Every structure is written in C-alpha cells, then in structure tokens.
Amino acid sequence: MTRSQECGSASGTRPTLTKERALDFLLSRVQPIAETESIPTEAGLGRVLAARVTSPVDVPGWDNSAMDGYAIRHSDLAALGGRLPVVQRIPAGTTGEPLAPGTTARIFTGAPVPTGADTVVIQEVCVREGDEVQIPLDSKAGANIRRAGEDIRTGAEIMDPGTRLAPQHLGLAASVGVADLVVFRRLRVAVFSSGDELAMPGEPLGPGQIYNSNRFTLMGLLAGLGCEVVDLGIAEDSAEATAAALIRGAEGADLILASGGVSVGEEDHIKPAIERLGTLELWNVAIRPGKPVAFGQVAGTPFFGAPGNPVSLFVTFCLFARPFVLRMQGVSGDLTPRSIRMRAGFDWPRPDKRCEYHRARIQPGADGEAEVIVYPSRSSAVLSSVVWAEGLIEIPPGQVIRRGDPVAFIPFAELLH
C-alpha cells in the first residue's frame, strides 16, 4: 500500500493515522520554494540559507595572543633566569616589531604575536619591576598562542544550504568577512478562521460570539518561523465563503492555513470545499487534542486545516504545520523536536487510545529534584493552559503513568522556532 493509498483518495475512506505516519506523509508532500535572494548578513536572522558559504580568509588571520601577558622566546628563560627586559608593548589592533633575542613584549589578547616569539606567558604569574619582568622558568613552551587558521582555513565550507540562520551563524559569516548571504525568499502563508461566532478584539460581542484568538495565535506562530503572513480574515460558515477564502489563498500564497471548520458537522465546510476545489489527502490523526487534521491541495497550493479549539490548533500546528513550513522554507535535516526524559510529578490513571500531548511545566519535587506537572484540565478549549505551560508531555496510547515514572517532555523552545 502506498502512502497516497493509505491516506485515501478524494472520495475514498481515510483511516486514522498515527502521528508518525501522518508526519511522514506530510513531509513527503512538501515542495520547497526555489526562489532565492541576496540579503545583508545582518538581516539574515531566521532566514534559510540557499547557497553554501565558503571562507575567503583564515581565522585567525595570524598568530595572536590568547591572553594578556608577555611574548617571549622560550629558550631565553633558562639562559636569563627568567628575568627579561620589556622592550615593546603590543595592544590588539597594532603590530609589534620582531622580538629581539633576550627580550620580551607586553602583549594583549588578540594582538599579533611578534616574529621571533613562540610563547605567551599570562600576566598573572609574572612579576613586573620597572622595565623588567620575572617570568616563571617552568612556563610551558608554545602556550597561549592562537595559530593562524586554527579556527577556519581559507576555502573551508562553513555553512551549508538548508541552514536556518541563528545569531551564531550571522556572527560566523561576519567573522570571515561575508557581507551578504543568499537565502530562500520568505514563505507566504495565507491564514483564515472559520466561524460566524468569531469577532475581532475591540469589537462588541454579539449573542453567542467569542473573540478570534486563533488568528493571533496562528499569525504569531508563523511570524516566529519567519513567514510572510497573508491575512484572509474570518470566513463565515457557508460553503461559498469557505470556497472563496481557499481560492484567494491559492492565488496569493505558497500555503493556506485555516483554523476551524475541519470536522464533519453541518457547519464545517472545509472538507467538502477542499474536495470540490482540489484534493483532500489526509484527514484524521490519532492524537489528542487535534484528531481532525486536514491536508490537501487547492489549485496546486497545499492546504493545512487545524481544529478550531485553541489548544488543538496550537498542538497540531507544532506537531504538523511547523515541520511542513520549515521544510517548505528549505530547512534541511531532522525536524523532530527533541524531548527530555523527566520524572512525572502526577498520576495519569485513565489514558486515551490515542497518543496524547498534554500541557506541562517543570517544578521542584518534594525532594528538590525537577519533575513535570500537568495542567489539571484536558479541555482543548482552555487557551490559558498553554500560557501556563512550558511545554508538552507525550503520552503513548494506553499508557498509565504513576508519580515518579519517566515521561517525555518537549519544551516549547523545540516547538516554536
């Protein structure tokens, strides 16, 4: 059975997939963007590198001092009893004269080691008396010198395509003099929310209405991934409005993301609209919260639909939309969020038949050791629980947890960037 057959055709039956099989399927459907642009290095934070970066220089460019101290010829120590005249001073940013035999140079961190010197002795072990300094005879030869090219050699490949640029990458590029980087263009993601019950903050609430928190959560999550967000607003609960929003998204974006309307109720119009306008390739995933996860295509544009309950939206975005977005952006490598084995500070006596992702945080246990506690409610409507939490715990299907058992804790730092 192929993945496409397993997930069903537009008109076939779609079995409920495990999280792992669903994610494998989603990532197999990614078509990364190909367009690139050149940007200043300082503007590269969060962008995805499209071209390999090669160093045009050695780093360091010359032998330099790793410490504040005294540059010497090591062979002079025994000959002169360690007492040497200080004949020059070499701060960082200057170049000293060649070191004459039987002399020393006061040198500072980062300054070029003068020709003839082969050792730097740290200032803390030396005793300066006027124009002379007493240096310990047991000082190690060759110490405290950073050699030219010790970090990076000219021509070395220092960053690969597919790297999502963090501050340290920008610093590394700058350290070899690279002023511009070739990156993939930003991913354009169209976002809309479904529901007549939704109102925007600042508007008065009508009977039965709630404020549209999902719009802000989704846009924030996408902004955190460096996406360009196309806001399609709120789609009313009708087949026509849902179809119009999908068509607008397909015309102006690389990916469409919707919240709400993905279940099978009479007022849930996403599924029939996708099937009418394109193809629905994935439907149910065996997780809690967030079982109804929709994925398909509208006019060749991928579509991802998340449940309307705010916690379900948050969890399904982190587990499925985030890796899909990163791969579309051109990010290479393993996208699996890393989990930490932690001690459970709670009991979980009634497990679900699905894999559960519950909101959790770390606190000291009675013995002072760190343990994980969970939010007391399983409700997927309690958005404040996500603010309370520091991450999610993964509970395999049918697993009972007793206080003290090991659990897998996924910090939000692994899910939101």
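The values are calculated or read from the model by the stated rules, or taken from the named source; none is laboratory data. The structure displayed is predicted, hence computed values, not measured ones. Every residue, glycine as well, gets a Cβ built from its backbone with ideal geometry; the counts of neighbours run over all protein chains shown.
Looking across the range 72-130, the residues that are under 15 Å from Arg146 (Cβ atoms) and surrounded by fewer than 19 Cβ atoms within 10 Å (Cβ to Cβ) come down to Ala92, Phe108, Thr109, Gly110, Asp118, Ile122. The residue of the range 352-376 that is nearest to the chain's Cα centre (by Cα), among those that are without any contact (Cβ under 8 Å) to a residue 12 or more places away in the chain and assigned to a loop (DSSP other than H, G, I, E, B), is Pro376. Of all residues in the range 294-314, one or more are among the β-branched types (Val, Ile, Thr), at pLDDT 90 or above and either within 26 Å of the chain's Cα centre (by Cα) or not assigned by TED's automatic domain parsing to the domain that holds Glu240 (or both). For the residues Glu275, Glu240, Glu251, the requirement of being more than 27 Å from Leu416 (Cβ to Cβ), in a helix (DSSP H, G or I) and touching a residue at least 60 places away in the same chain (Cβ under 8 Å) singles out Glu275.
Restricting to the range 368-382, and then to whatever is over 17 Å from Ile410 (Cβ atoms) and charged (D, E, K, R), can you tell me which residue is surrounded by the fewest Cβ atoms within 10 Å (Cβ to Cβ)? Among those residues, the one meeting the criterion is Glu369. Look at the range 209-232: where a residue is on the phi > 0 side of the Ramachandran plot and a partner is surrounded by fewer than 19 Cβ atoms within 10 Å (Cβ to Cβ) and not in a helix (DSSP H, G or I), sitting 6+ places away or on another chain with Cβ atoms under 9 Å, you get Gly226/Leu45; Gly226/Gly46. Identify the residue in the range 164-185 that is within 16 Å of the chain's Cα centre (by Cα) and either among the small types (Gly, Ala, Ser) or surrounded by fewer than 18 Cβ atoms within 10 Å (Cβ to Cβ) (or both) and, among all such residues, is farthest from Asp254 (Cα to Cα). Result: Gln168.
Whenever a residue of the range 1-28 is on the phi < 0 side of the Ramachandran plot, its partners that are part of a loop (DSSP other than H, G, I, E, B) and at pLDDT below 50, lying with C-beta atoms within less than 6 angstrom and at least six residues away or across chains, give the pairs Arg14/Gly8.
This table checks each residue for (1) of a type in the set (A, V, I, L, M); (2) assigned by TED's automatic domain parsing to the domain that holds Asn214; (3) out of contact with any Cys (no Cβ under 7 Å at 6 or more places or on another chain).
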position: Ile362; (1), (2), (3): yes, no, yes
position: Ala370; (1), (2), (3): yes, no, yes
position: Arg378; (1), (2), (3): no, no, yes
position: Val382; (1), (2), (3): yes, no, yes
position: Pro396; (1), (2), (3): no, no, no
position: Ile410; (1), (2), (3): yes, no, yes
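Give Gly398, Gly330, Gly391, Gly365 a once-over and let me know the one that is in contact with a Gly (Cβ under 7 Å, 6 or more places away or on another chain) and either under 18 Å from Pro289 (Cα atoms) or buried (at least 17 other Cβ atoms within 10 Å of the Cβ) (or both).
Of Gly398, Gly330, Gly391, Gly365, the one residue that is in contact with a Gly (Cβ under 7 Å, 6 or more places away or on another chain) and either under 18 Å from Pro289 (Cα atoms) or buried (at least 17 other Cβ atoms within 10 Å of the Cβ) (or both) is Gly330.
Only a single item in (1) touching a helix residue (DSSP H, G or I) at 6+ places or on another chain (Cβ under 8 Å); (2) touching a residue at least 60 places away in the same chain (Cβ under 8 Å) is not met by Ala299, and it is number (2).
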